[in-house]
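Comments concern the structure below.
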Amino acid sequence: MIIFENVSKFILNSVSIHVPQGETVGLIGASGAGKTTFLKLACGLLKPSNGRIYTMGLKPALEQKELCRGLGVLFADIPVLQKEDTVVGNFELLRSIYQINKDRFDQDYHELSDRLGFVLLSDRPVRDLSLGQRRRVEIGAALIHRPGLLLLDEPTAGLDENAKQAFYELIRERRREGLTTILTSHDMEEISKLCSRIALLDQGKHLYYGTEEQIKKRFTPMDTMQLEVEGRLPDLEDLPLVRYTVDENRLSLSYDSNCVTAAEIVKLVVQQTVIKKMKIRKPELADVIVRLKTNDKAENLSVDHEERE
Amino acid sequence: MKSDTLHMMLVYTKTIMKAWFQYRSNALLSSLTVFLREATGIVVIYFTLLKFGTLGGWNIYEMLFLFSLLFLTYGIMIIFFTGLRDFGKTVRDGGFDRFILRPRGLLFQLIFTNADWFAAVGHGGLGIALFLISAGRVGIQWNAVNILYYLFTVMGGVLIQGAIFLLLAALNIYLLETNSLKELFYWNMRKFAGYPISIFHKAIQVCMIYVVPFAFVNYFPAQYLLRKPDMAQYPQLYLYITPIVGIVMYLAAYGFWKYSLKFYKSSGN
């Protein structure tokens, strides 16, 4: 659905990625990593300095008009709606622009306005809507022409929990019908809930594309296990633990999940003592971003230091 | 014209009318403000000419007729070309990116999504008022030929000014900001266009005929209908070619616009 071959533009540096149809991809990375640039390249708003891009089999910057028919987009800095017009007036205009059949339009408008919760706002001018209300309408506007590809930049910013859930449901449903979605978000929980694949950008470099589990294993493999035991403390010398602290009958273990599993640790412990309580903390997706940021800072500090020398 | 295009034009127009005339008293006052602002300049000239009689051989009513063409063509032009006049703002607001992301012609969307109706009513209303005051007092025979000439020449004047806005919008793609250019090449030149160009220095005349050809918007058309002696210093052909100048300028500006779009860079990066 989207192919980037060694694409460079602004901060993006030789990015290659292939997103198949039907995937919901979360584009993550710290602020300024190049996420919005990636989306703008994919829809043809920007042209690559180097490399090739194919979106839905088309060259986005050259075949814009054709591409737009099957594309739904939402960017923070691009207004979707005419502020002066009512919500329903805006959708009427979209019907005309995308040449949507009247019956299908009526059916879809009814469904989207109902599910995203803007059915009562239909006759209100867009300029009178709150940020959250406007965002709900904008999501509906991005979906009304049943696009095959959705590019969403921070789509749930300003949405309340109900609207977020409705949005997640819609995306999941449309995915089953073949919709491909690429979305950026700083809400890692949202990415976890919604996305089948994750693309990680760090300072313009495409570091990884895969499932959430794979990405966490690769970038933050360190799991933590806290144990409270009854009786003698176990001997864990043979395990490849990274960190091991003891406080009375409580143990805190950090280990690389690529080298040793929680099951292996527990098995060894129960052979020697009784476990009263156990808590395992697996890294969150947000930890990946934090870790990358920390690494970047460390790299920058090291460069500064070398330059001074 | 395809029915969906027509439908889109109707929807856009409905939206614009709703937006501009939502508050009727405000709309009336805004239009009146534009009308009075522009009329003030005319009143000053009127009283000046009452004292001096003529300006370069043009009497007060001939001058008003000259002005009427300028205001009327602007009033019509701005209904279609507000989007181009305000193109810089549209780009900065991200509105142009929205147009790019829709499967419709960019110029079509720019033209039909905005219309400054206050300016249209203010300028157009003043143009009509000046025409009504002057047309019967300048000795024009309003026969079929002259009426047709007048209609075509107004269309040409609209296209000439539209072409200037289109050209400036295209330049905006390279320069990002063209307000100073617009001030210099449109608004300042337009101030000269209220007077017979023959009263100005040769350099300004050349500018008004060949650089920013406002002379074809009102001076030469008025000359065709009035036949003033100062026309002797210009080729007679100029009396007839306003619609052609308009079409050629517009096509040239459109070509430049299409070419310039290749260099457009999205905002926000």
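Coordinate-derived values only; no laboratory data. What you see is a predicted model; the values in this text were computed from it and never measured. Cβ: placed from backbone, ideal geometry, glycine included. Neighbour counts: every protein chain shown.
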Next on the checklist: Taking amide H atoms as placed 1.01 Å from N in the peptide plane, list the residues 5 or more away in sequence, or in a different chain, whose amide H sits under 5 Å from that of A:Tyr208.
Outcome noted: A:Leu200
Checklist outcome for this item: Here P(r) for the range B:125-269, Cα-Cα distances in 5 Å bins, as whole percents, is 2, 9, 16, 20, 18, 14, 9, 6, 3, 2, 1, 0, 0
Checklist entry - Going highest first, how would you order B:190-196, B:241-247 by mean Cβ packing within 10 Å? => result B:241-247, B:190-196
Checklist entry - At B:Ser180 and A:Asn101, where each label point lies 7 Å from the Cα along Cα→Cβ, what is the point-to-point distance in nanometres? => result 5.6
Checklist entry - What's the angle, to the nearest 10 degrees (0 to 90), between helix B:117-134's Cα axis and the longest principal axis of chain B? => result 20
Checklist outcome for this item: Residue by residue through the range B:93-102, the couplings from Karplus 6.51 cos²θ - 1.76 cosθ + 1.60 with θ = phi - 60°, in Hz, x for Gly and Pro, are 6, x, x, 6, 4, 4, 5, 4, 7, 10
Checklist entry - Can you sort A:Ser31, A:Ser122 so the residue with the fewest Cβ neighbours within 10 Å comes first? => result A:Ser31, A:Ser122
Checklist outcome for this item: Going from the fewest other Cβ atoms within 10 Å to the most, one would list A:His110, A:His206 as A:His110, A:His206
Item to check | Inter-probe distance in nm under a simple model that places probes 7 Å from Cα toward Cβ, at B:Leu132 and A:Gln165 | outcome: 6.4
Checklist entry - Once phi is turned into θ = phi - 60°, what whole-Hz ³J(HN,Hα) does the Karplus curve with 6.51, -1.76 and 1.60 give for every residue of the range B:145-154, x standing for Gly and Pro? => result 4, 5, 5, 4, 4, 4, 5, 5, 6, 5
Checklist entry - If the cut-off is 17 Å between C-alpha atoms, which aspartates and glutamates fall inside it for B:Lys89, apart from same-chain ones fewer than 8 positions away? => result A:Asp77, A:Glu84, B:Asp97, B:Asp116, B:Glu177, B:Glu183
Item to check | Pairwise label distance in nanometres, B:Lys14 with B:Lys202, each label 7 Å out on the Cα-Cβ vector | outcome: 5.9
Item to check | Helix axis angle, A:285-308 relative to chain A longest principal axis, alpha carbon, degrees | outcome: 80
Checklist outcome for this item: Per residue of A:45-55, other chain Cβ atoms within 10 Å number on average 2
Checklist entry - For A:Glu173 and A:Val119, what is the calculated FRET efficiency with R₀ set at 22 Å and r taken between the beta-carbons, to the nearest 0.05? => result 0.75
Checklist outcome for this item: Residue by residue through the range B:74-86, the couplings from Karplus 6.51 cos²θ - 1.76 cosθ + 1.60 with θ = phi - 60°, in Hz, x for Gly and Pro, are 5, x, 6, 4, 6, 4, 9, 10, 4, x, 7, 4, 9
Checklist entry - Using the count of nearby Cβ atoms within 10 Å as a rough guide to exposure, how do A:Lys59, A:Lys216 rank from fewest to most? => result A:Lys59, A:Lys216
Checklist entry - Along the principal axes of its C-alpha atoms, what lengths does the protein assembly as shown span, in descending order and rounded to whole Å? => result 118, 64, 41
Checklist entry - Across the residues of B:97-108, average count of Cβ atoms on other protein chains within 10 Å? => result 6
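Can you give the direction-averaged projected area of the convex hull of the alpha-carbon atoms in the range A:221-282, in nm²?
For the range A:221-282, averaging the hull's shadow over all directions gives 3.6 nm².
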Checklist entry - Of A:Lys193/A:Lys217; A:Lys47/B:Lys258; A:Lys35/B:Lys262; A:Lys35/A:Lys205, which ones are farther than 20 Å apart at the Cα? => result A:Lys35/B:Lys262
Checklist entry - How far is helix B:24-52 tilted, in degrees, relative to the longest principal axis of the Cα atoms in chain B, given as a value from 0 to 90 rounded to the nearest 10? => result 30
Checklist entry - What does the average come to when, for each residue of peptide A:90-103, you count the partner chain Cβ atoms lying within 10 Å of its Cβ? => result 4
